[in-house]
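The values are calculated or read from the model by the stated rules, or taken from the named source; none is laboratory data. Everything numeric here is computed off the predicted structure, so don't read it as measured data. Cβ placement follows ideal geometry from the backbone for every residue including glycine, while neighbour counts extend to all protein chains displayed. These area figures cover heavy atoms from the full protein model, side chains too; ligands, DNA and RNA do not enter into them. Shrake-Rupley method; radii C 1.70, N 1.55, O 1.52, S 1.80 Å.
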Amino acid sequence: MRQIVIDTETTGLYPQQGHRIIELAALEMVSRRPTGNLRHWYLNPERDIDIEATNIHGLTLERLKDEPLFADIADEFVSFCQGAEWIIHNAPFDIAFLDAELARLEKLPCAQIYGSLIDTLQKARELFPGKRNNLDALCERFGISNAHRTLHGACLDAQLLSEVYLALTRGQESLIIPPSLKPQNARNLPSAAAATNNARPLKILRPNNEEQAAHRAYLAALQKEGRCLWEEQESDV
């Protein structure tokens, strides 16, 4: 499956008041793996930027006055993102701005461009109700380093969001064996002896010190959010 992680920075909060996109990033993943294929644009909004917005992303009209207009990159953006599953944090915000920009050019809205849409903020709220679920909080929760994020930026935020999405959707939340794999329901599985006879020798890769430290930090982050069975199992050994 092809997925595109999208983030924007804007001149303000309300596209219906004429606010515009000033930075746009689209990062490609295929089969849940970043491909390194990234589209990133700074854009001239042709209007003033609210000081509150500049305090968040650090961008000014003076900095952006020589950048392309959204009209200049719209076709490239649509072509790159067409038909993919889009992943956005607080999707209604970014989609509203993208739809407003596309409408100015009399182009199709986002819903007719993407194949499907995932809002990671909504997913995080379902998994962690009552907790802070902004990007910084999720990075901390999943042990993803964001120390270099002093200001918001579409390119960096898209990269961080791709890691957050993978952590949110990794699926392994329990060590319990499902009933379908219990011995009484496994009549069609090969016997242990047959499996042993047919198996090729396994190559064992031992983790280095850095990998072991990263593993321990990851388990500690899981334990902070609730019960980490791996952490408990290792402590019992």
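Would you mention how many residues in segment 15-33 are assigned to a loop (DSSP other than H, G, I, E, B) and in contact (Cβ under 8 Å) with a residue 60 or more places away in the chain?
Residues in segment 15-33 being assigned to a loop (DSSP other than H, G, I, E, B) and in contact (Cβ under 8 Å) with a residue 60 or more places away in the chain: 3 in total.
If we keep just the residues of segment 136-147 that are open to solvent by 30 Å² or more (accessible area, probe 1.4 Å) and assigned to a loop (DSSP other than H, G, I, E, B), which is modelled with the highest pLDDT?
Gly143
Being of a type outside the set (Gly, Ala, Ser), without any contact (Cβ under 8 Å) to a residue 60 or more places away in the chain, part of a helix (DSSP H, G or I) and closer than 22 Å to Met1 by Cα is the filter here; which residues of segment 58-102 pass it?
Glu76, Phe77, Val78, Ile95
Tally the residues that are on the phi < 0 side of the Ramachandran plot and exposed (fewer than 13 other Cβ atoms within 10 Å of the Cβ), restricting the search to segment 110-135.
Qualifying residue count for the region: 8.
Quick one: is Ile176 at pLDDT below 90 and of a type in the set (Val, Ile, Thr)?
Here the answer is yes, as Ile176 does meet what is asked.
Counting only residues that are more than 12 Å from Ala26 (Cα to Cα) and touching a Lys or Arg at 6+ places or on another chain (Cβ under 8 Å), which one in segment 74-99 is surrounded by the most Cβ atoms within 10 Å (Cβ to Cβ)?
Phe97
Just a yes or no: is a residue in segment 37-53 at pLDDT below 95, in contact with a His (Cβ under 6 Å, 6 or more places away or on another chain) and more than 22 Å from Leu166 (Cβ to Cβ)?
no
Go through Gly12, Gly36 for me and flag whichever is farther than 17 Å from Ile73 by Cα, open to solvent by less than 60 Å² (accessible area, probe 1.4 Å) and either outside any strand (DSSP E or B) or not basic (Lys, Arg) (or both).
Gly12
Go through segment 148-162 residue by residue and tally those that are touching a residue at least 60 places away in the same chain (Cβ under 8 Å), open to solvent by 30 Å² or more (accessible area, probe 1.4 Å) and out of contact with any His (no Cβ under 9 Å at 6 or more places or on another chain).
1
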